[in-house]
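The values are calculated or read from the model by the stated rules, or taken from the named source; none is laboratory data. Nothing here was measured: the structure is a model prediction, and the numbers come from that model. Here Cβ is always computed from backbone atoms with ideal geometry, including for glycine, and neighbour counts include all displayed protein chains. When the accessible area is computed, the model is the full protein with side chains, heavy atoms only, and any ligands, DNA or RNA have been set aside. Shrake-Rupley method; radii C 1.70, N 1.55, O 1.52, S 1.80 Å.
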Amino acid sequence: MAVWIYSVWWVVRIINISASCGITGFESPAKDYHQKALDLDDLLIETPSATQVYLAQGDELQNIGVFDGDLLVVDQSKRVVCNDLVVAELNGELITTLINTKYQVLYSDPGGSNSITIQEFDEFVVKGVVTRSVRCHRPVSGLQCLVIT
């Protein structure tokens, strides 16, 4: 009887194949969208080098939406036009008022009778135009700004 001995060597080769899948469908329309960070300076201030912040005191301007404790963003580079809200100095007193440039009249209420006509002997200087007002619902501590009445 014959005995056959078989010797079988199996050689296994490992082949590295990288598998990838393609994108199916369309790209997201928001792929290139990057949300800009919220910056209050960009939102409130148009001319940083000519802007000051004032703190309003008093209730004379409530009818036009300016309340006691509001922050007023005042731009000194803006040209004053009729019916602008301005911060001005009248005879040494710092005031916030609406101004009628045609008739040289200052008033706090558009329909009211309380107005002041600027006379030629008055010392009147416009400090700037109020471009924004910010309402603070809590008292602001440590705020360095000019107080106007």
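The condition (being open to solvent by 80 Å² or more (accessible area, probe 1.4 Å), at pLDDT 90 or above and not polar (S, T, N, Q)) is satisfied by just one residue among Glu89, Glu60, Glu120: Glu120.
None of Ser108, Ser113 is small (Gly, Ala, Ser), open to solvent by less than 40 Å² (accessible area, probe 1.4 Å) and out of contact with any helix residue (DSSP H, G or I) (no Cβ under 7 Å at 6 or more places or on another chain) except Ser108. Residues that are among the aliphatic types (A, V, I, L, M) and either modelled with pLDDT of 90 or more or part of a loop (DSSP other than H, G, I, E, B) (or both) within the range 138-149 comprise Val140, Leu143, listed in sequence order.
Within the range 29-57, count every residue that is open to solvent by 70 Å² or more (accessible area, probe 1.4 Å), more than 21 Å from Ala88 (Cβ to Cβ) and not aromatic (Phe, Trp, Tyr). Total satisfying the criteria: 13. If you go through the range 65-76 and keep only what is farther than 12 Å from Lys127 by Cβ and open to solvent by 60 Å² or more (accessible area, probe 1.4 Å), you end up with Phe67, Asp68.
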